[in-house]
Amino acid sequence: MTATTPTEPKDPALRGGAAGAAGERERERERERVSAFWSLSRAMLLGMKRDRTATFFILLFPLVFLVFFGSVTKGSGSPHAKVAQVGAVQLFDSMQGGERAGLDQVLTITRTDDEPATLEKVRKGDFDALITQGPDGKVELRYSAADTVRAGALRGILDSVVQGANQAATGRPPAYVLDAQQVEDKSLKPIQFLTPGLLGWAVATGAVFGAALTLVNWRKTKVLRRLRLAPISAGTVVSSRIVVSLLTALLQSAVFLVVATSFFGLRLTGDWWLVIPLVACATLAFMSIGLLAGSVAKTEEAANGISQVIVLPMSFLSGSFFPLDGAPGWLQTISKIMPLHYLVDSAQSVLTRGGGVMDALPTMGGLLLFAAVLTAIAWRLFKWEDA
C-alpha cells in the first residue's frame with residue numbers, strides 16, 4: 001500500500017497565495033475606513049446637535065434674517081405716496097371710474113383746507129407732498145426733497161395726469177404712445193429677490209465656519225492626534241466633514257423655502273429643484289474656504305476671525321442683501337471674483353426667474369473647480385496637531 005502525502009495547504013493564506021491574503025487585508029482596511037467615515041460623520045452631527053449655540057448660528061440665525069426682511073417687505077408693491085389736497089383740485093376731482101381707481105393705487109389723497117399747517121406737515125414728513133390748484137388752472141406740487149426717489153415718482157405721476165388732462169381738453173390723441181411692461185411676473189414681490197440671497201449667505205456661513213472651527217477645535221483638543229493613531233486617513237476626516245456640511249446646507253435650504261413659500265408668498269418657478277445641486281456644489285466651494293482657514297489658524301479665535309474677514313465682505317459684495325446694479329464698475333468686478341455672487345445669481349434665476357439647467361450648470365462647474373483648487377491647497381497645509 002502506497003502512502004500518500006497531502007498536497008493541499010491547510011492555511012488559507014497559503015492556499016490562496018499571497019495575492020489572496022493581500023486582497024483580504026485590503027478589504028478589511030476598506031471596511032475600517034467606511035466604518036470610521038460613518039462614525040466620524042455621526043460624531044460631528046451629534047456634536048452639532050448638542051452645541052445649541054452652533055445650531056442657532058448655523059441654522060436659525062440666517063432664518064431670523066429671512067423672517068425679518070420678509071416681514072418688513074411683505075405686501076410691498078408699487079410706491080405709494082401720501083398727498084394732501086388743499087381745497088378744490090379740478091384735475092383730481094374730475095377723475096372718475098377706472099381712471100380714479102388707478103390714481104388711488106399710487107396716491108393716498110387727503111383733503112384739507114389749512115395750507116400753512118399742511119405745508120408744515122409736509123416738512124415734518126407726515127405727508128409726502130401738497131397739491132393745490134389756482135383759479136387760472138395752474139396746479140402746484142410742493143414736496144420734500146428728503147426722499148429723492150419718492151419725490152421723483154410724485155413728479156412723474158403728476159406730469160402724467162396733467163398730460164392726460166391736456167390731451168382730453170384739446171381732443172387730440174398723442175402722437176406716440178409708450179407701452180411699458182414689466183418683464184417678470186407682475187405679482188413679483190421682494191421676497192423673490194431676498195430668499196436666494198439670504199439662502200446663499202446662510203450656506204456660505206455654515207460651510208465656512210463649520211469646517212474651520214471643527215478642524216481647529218479637533219486639533220486643539222487632540223482629537224486629530226488620536227485619529228492619526230487610528231487607521232484613519234486625512235481624506236476620511238475631510239469626507240465626513242463634507243457629508244455633515246452637505247446635510248446642514250440642504251436642511252437650511254428646505255427650511256428657507258418652506259418658510260418663504262408658506263408665510264411670505266415666495267413663488268417658485270418650474271425648475272426650482274435645480275437649487276439643490278447648486279447648493280451642494282456651493283457647499284463644497286465654501287467648505288474648501290473653511291478647510292483652508294482651519295488649516296492655517298492655530299486657535300478658534302483666529303479661525304473665527306479669518307472666516308469673518310472672508311464671509312462678511314463676500315456676503316455684502318455678492319448681492320446677498322442688496323443688488324449691486326448701481327455700484328461702481330470696480331466694485332462689480334470684485335463681486336464677480338467671489339463664488340457667492342454666482343450662487344446668488346443662479347439661485348435667483350432657477351428659483352424665481354424661470355431659469356433652467358443651462359443657467360445653473362456653468363455655475364456648478366465653476367464652484368466645483370473652485371472647491372478642488374482650494375481643497376488641494378488646504379490638503380497641503382493640513383496638520384494633524386500644532387507644531
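Of the listed peptides 110-121, 197-208, 151-162, what is their order by residue-averaged count of other C-beta atoms within 10 Å, with the highest listed first?
The peptides rank, most packed first, as 197-208, 151-162, 110-121.
Which log10 I(q)/I(0) values, to two decimals, does the stretch 225-291 give at q = 0.17, 0.21, 0.24 Å⁻¹ under the Debye formula with one point per Cα?
For the stretch 225-291, the Cα-only Debye profile gives -0.71, -0.90, -1.04.
If packing is taken as the average count of other Cβ atoms within 10 Å, what order do 290-299, 354-363, 266-275 fall into, highest mean first?
On the way: 290-299: 22.0, 354-363: 15.7, 266-275: 17.4.
The peptides rank, most packed first, as 290-299, 266-275, 354-363.
For the stretch 81-170, what's the relative contact order in percent, using C-alpha pairs closer than 8 Å and at least 6 residues apart? Write down the numbers at each step before the final one.
Working: 97 pairs, mean separation 28.8, N = 90.
Worked out over the stretch 81-170, it gives 32 percent.
Per 5 Å bin, what percent of the C-alpha pairs of the stretch 81-170 does each bin hold, from zero upward?
3, 14, 25, 27, 20, 9, 3, 0
Round to the nearest 0.05 the FRET efficiency obtained for ARG42 and LEU324 when R0 = 45 Å and r is the Cβ-Cβ distance. Can you show the working numbers first?
Details: r = 41 Å, r/R0 = 0.92.
Efficiency at R0 = 45 Å is approximately 0.65.
No lab work stands behind these numbers, since they all come straight from the coordinates. Keep in mind it's a predicted model, so treat the numbers as computed, not measured. Heads up, the Cβs are rebuilt from the backbone with ideal geometry, glycines too, and the neighbour counts pull from every protein chain shown.
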